[in-house]
């Protein structure tokens, strides 16, 4: 029986939630079963008008079984020389520690699993991959190590090396770097008790840093529906939009959109969009929750990568 199921049987919900925030994440990881997260892809006219029923899993269950994977989640894609390279959190069947896996495709429809590309002694997830100055970088989540780490592709896409440790001393969750009007920014969830309700904003002249906390940071406090990133912020039309996991009723229940109305090294303002972008109402593979959205504007429409669980 999972940790959550055991707690539900013996104590009221408010007490249970308070207790869970006191349990170290490494302990929670060992005691809870691996959820069956899957990643999907589809094309939409806009990431603000997604049809969850039109999104299809990247891997079928036979492919995952042959690869020995029990979980795939947090997809981030980058396109190089006409090929899609999809990086994602992967957990081997029966294991707990995540690593970064890779899949490739020429058309974003048929995918080949290429295997692991980045592993550490600690859990890795949320491999935010991006290009800068003719190099490709990745900032995966390494909150179990208490660091925020920048990796560089020494031989893209399979050979990665640690470029530098950007920050130390906190559980930096789902760090999402992006460039806007010539400046680099980074949104990252930092709640001390892992309540998913504190979002900090940093800025830097380059992904290598130095990273400085923005004067408006934290930009979210005390709201588990808007704080934890659900993918990289992107311009959609004339609006810059960030994505957030709605964790108010449980971890990763839906994806919300937030319009960033003002962003400079000294100013920040945002307004949540009126309706969720992704909800766990759709195909069986994603009917239990959805908590990630990575989108790319192409001549054929927006290619949208998501994850979900049954």
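What the table shows:
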quantity: Prolate/oblate/rounded call for the range 103-157, Cα gyration tensor, a/c under 1.5 rounded; calculated: oblate
quantity: Ranking of 163, 300 by count of other Cβ atoms within 10 Å, fewest first; calculated: 300, 163
quantity: Point-to-point label distance, residue 81-residue 181, nm (Cα→Cβ direction, 7 Å offset); calculated: 3.7
quantity: Whether the range 128-285 is rounded, prolate or oblate, judged on the alpha carbon gyration tensor where a/c under 1.5 counts as rounded; calculated: rounded
quantity: Which labelled figure in (1) 30, 23, 20; (2) 26, 24, 21; (3) 45, 21, 16 is semi-axes √(5λ) of the Cα gyration tensor in Å, once derived from the coordinates; calculated: (2)
quantity: Residues in the range 144-188 reached by a label modelled at residue 134 [backbone nitrogen below 18 Å; 7 Å Cα→Cβ]; calculated: 152-157
quantity: Relative packing of peptides 264-274, 61-71 - highest average C-beta neighbours within 10 Å first; calculated: 61-71, 264-274
quantity: In nm, spacing of pseudo-spin labels at residue 156 and residue 206 (7 Å Cα→C-beta vector); calculated: 1.7
quantity: Expected 222 nm ellipticity per residue - DSSP helices of 4 or more, -39500 (n - 2.57), all of the chain, to 500; calculated: -3000 deg cm²/dmol
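Where a number appears in this text, it was derived from the coordinates with a stated rule and is not lab data. Being a predicted model, the structure only gives us computed values, none of them experimental. Here the Cβ is made from the backbone with ideal geometry for all residues, glycine too, and neighbour counts use every protein chain on show.
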